[in-house]
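The values are calculated or read from the model by the stated rules, or taken from the named source; none is laboratory data. Every value quoted in this text rests on a predicted model; they were computed, and no experiment measured them. All Cβ positions, glycine included, derive from the backbone under ideal geometry; neighbour counts span all protein chains shown. Calculation scope for accessible area: heavy atoms of the full protein, side chains included, ligands and nucleic acids excluded. Shrake-Rupley method; radii C 1.70, N 1.55, O 1.52, S 1.80 Å.
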Amino acid sequence: MAELQEVQITEEKPLLPGQTPEAAKTHSVETPYGSVTFTVYGTPKPKRPAILTYHDVGLNYKSCFQPLFQFEDMQEIIQNFVRVHVDAPGMEEGAPVFPLGYQYPSLDQLADMIPCVLQYLNFSTIIGVGVGAGAYILARYALNHPDTVEGLVLINIDPNAKGWMDWAAHKLTGLTSSIPEMILGHLFSQEELSGNSELIQKYRNIITHAPNLDNIELYWNSYNNRRDLNFERGGDITLRCPVMLVVGDQAPHEDAVECNSKLDPTQTSFLKMADSGGQPQLTQPGKLTEAFKYFLQGMGYMASSCMTRLSRSRTASLTSAASVDGNRSRSRTLSQSSESGTLSSGPPGHTMEVSC
């Protein structure tokens with residue numbers, strides 16, 4: 001595998017007092033399924049995994065994750081971990097449009113590109129953070145390479161292949177809606193799109209006027225042709241690392257994300273975020289950062305991290321849900337006031353469902 005390019009850049013963000021710009025390097029490597037571009041921030045930390053992100057359809061790593069990783073409280077995390085932001089082929093800034101007839105990789109093949117990235121960087125393990133299609137790709141990678149994944153944060157994952165009704169509805173929608181509008185309907189709730197907020201206007205403009213829109217359509221088609229991940233609690237096909245499933249309370253993927261009933265309840269937490277719409281990492285970066293810190297603490301990292309937002313909230317309610325014969329049943333509710341100062345990670349053997 002040969003490196004195609006290496007560019008020294010500086011992350012564009014307002015600096016806090018005493019901070020210096022965070023250096024980043026962008027690389028491209030060849031894989032069996034084509035070239036993949038990724039950007040690395042920070043330096044590897046001894047005995048710590050890299051945080052590897054993968055973005056959703058219609059976005060790249062910046063438009064998908066920048067509000068989250070530029071958030072003030074996130075700085076404590078990124079000082080402790082090296083970050084690798086992977087762009088799906090043709091989604092990176094300045095990417096040329098693929099020629100007519102180009103066969104875009106399937107989501108399974110995109111997952112199979114990740115080992116080439118880790119081999120190039122000489123990284124042995126990761127904590128994956130994915131959104132939508134990116135969450136599916138990281139889950140598929142974790143199924144194929146469980147020994148290299150220490151944890152997963154999966155936002156808006158839909159582990160199911162499209163059924164016949166979904167396929168027919170998608171084809172019908174395609175007759176009346178443009179590709180940008182269909183992708184916006186995937187990213188955001190109908191309430192958000194109807195409200196046409198500044199955020200919606202920004203992302204509608206990003207997608208509608210994207211110079212690589214033809215490439216985006218190819219990624220979109222691969223997502224819609226995904227296979228079922230076939231999660232099975234207690235079976236051979238399951239995620240064997242700690243997993244945090246995240247969805248907004250108005251997200252179009254809310255039902256699909258509740259696949260926690262198919263995963264190991266001792267390893268899985270389900271975070272349903274209030275007032276966050278379809279993209280929690282864009283609309284509620286503070287809440288998601290706090291939840292990510294707890295997730296890392298549960299894995300044995302950042303034990304001395306200072307919790308701020310969730311622990312200062314007036315109340316935080318935790319509902320632990322046990323699954324009986326594959327059905328989720330809420331078995332216990334804990335309410336915790338702000339005076340407690342910490343938010344329990346929950347009793348072993350239960351899936352935690354957290355509303356923020």
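Where helices (runs of 4 or more DSSP H) fall entirely within the range 193-273, those with at least 1 residues that are closer than 30 Å to Gly101 by Cα are at 198-208, 213-224.
Pairs meeting the criteria (first residue in the range 201-223 and more than 15 Å from Glu93 (Cα to Cα) and of a type in the set (Val, Ile, Thr), second residue modelled with pLDDT of 95 or more and open to solvent by 70 Å² or more (accessible area, probe 1.4 Å), beta carbons under 7 Å, at least 6 apart or on different chains) are lacking. The set of residues in the range 118-155 being of a type in the set (Ser, Thr, Tyr) and either modelled with pLDDT under 95 or open to solvent by 20 Å² or more (accessible area, probe 1.4 Å) (or both) consists of Tyr120, Ser124, Thr125, Thr148. If the condition is being under 22 Å from Ala274 (Cα atoms), aliphatic (A, V, I, L, M) and touching a Phe, Trp or Tyr at 6+ places or on another chain (Cβ under 8 Å), then the range 174-203 contributes Leu184, Leu187, Ile200.
A quick yes/no check of all residues on (1) open to solvent by 40 Å² or more (accessible area, probe 1.4 Å); (2) among the aliphatic types (A, V, I, L, M):
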| residue | (1), (2) |
| --- | --- |
| Asp255 | yes, no |
| Asn260 | no, no |
| Thr268 | no, no |
| Gly286 | no, no |
| Ala303 | yes, yes |
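Checked against (1) open to solvent by 10 Å² or more (accessible area, probe 1.4 Å); (2) in contact (Cβ under 8 Å) with a residue 60 or more places away in the chain; (3) on the phi > 0 side of the Ramachandran plot, Gly277 passes all but a single condition, namely (1). Count of the range 103-113 residues, restricted to those that are part of a loop (DSSP other than H, G, I, E, B) and open to solvent by 30 Å² or more (accessible area, probe 1.4 Å), is 2. For the range 88-102, check the following and say yes or no: at least one residue is in a helix (DSSP H, G or I) and either touching a Cys at 6+ places or on another chain (Cβ under 9 Å) or open to solvent by 10 Å² or more (accessible area, probe 1.4 Å) (or both). No, the range 88-102 has no match at all. Annotation for the range 86-102: no member residue is among the acidic types (Asp, Glu), modelled with pLDDT under 95, more than 23 Å from Lys202 (Cβ to Cβ) and more than 16 Å from the chain's Cα centre (by Cα).
State which residue is most open to solvent (accessible area, probe 1.4 Å) when the search covers only the range 227-248 and only residues that are touching a Pro at 6+ places or on another chain (Cβ under 9 Å) and charged (D, E, K, R). Checking each candidate, the answer is Arg240. Open to solvent by 10 Å² or more (accessible area, probe 1.4 Å), out of contact with any Asp or Glu (no Cβ under 7 Å at 6 or more places or on another chain), assigned to a loop (DSSP other than H, G, I, E, B) and closer than 22 Å to Gly235 by Cβ: does that describe Asp158? Yes, satisfied. Only a single criterion out of (1) more than 28 Å from His186 (Cβ to Cβ); (2) part of a loop (DSSP other than H, G, I, E, B) is not satisfied by Gln75, namely (2).
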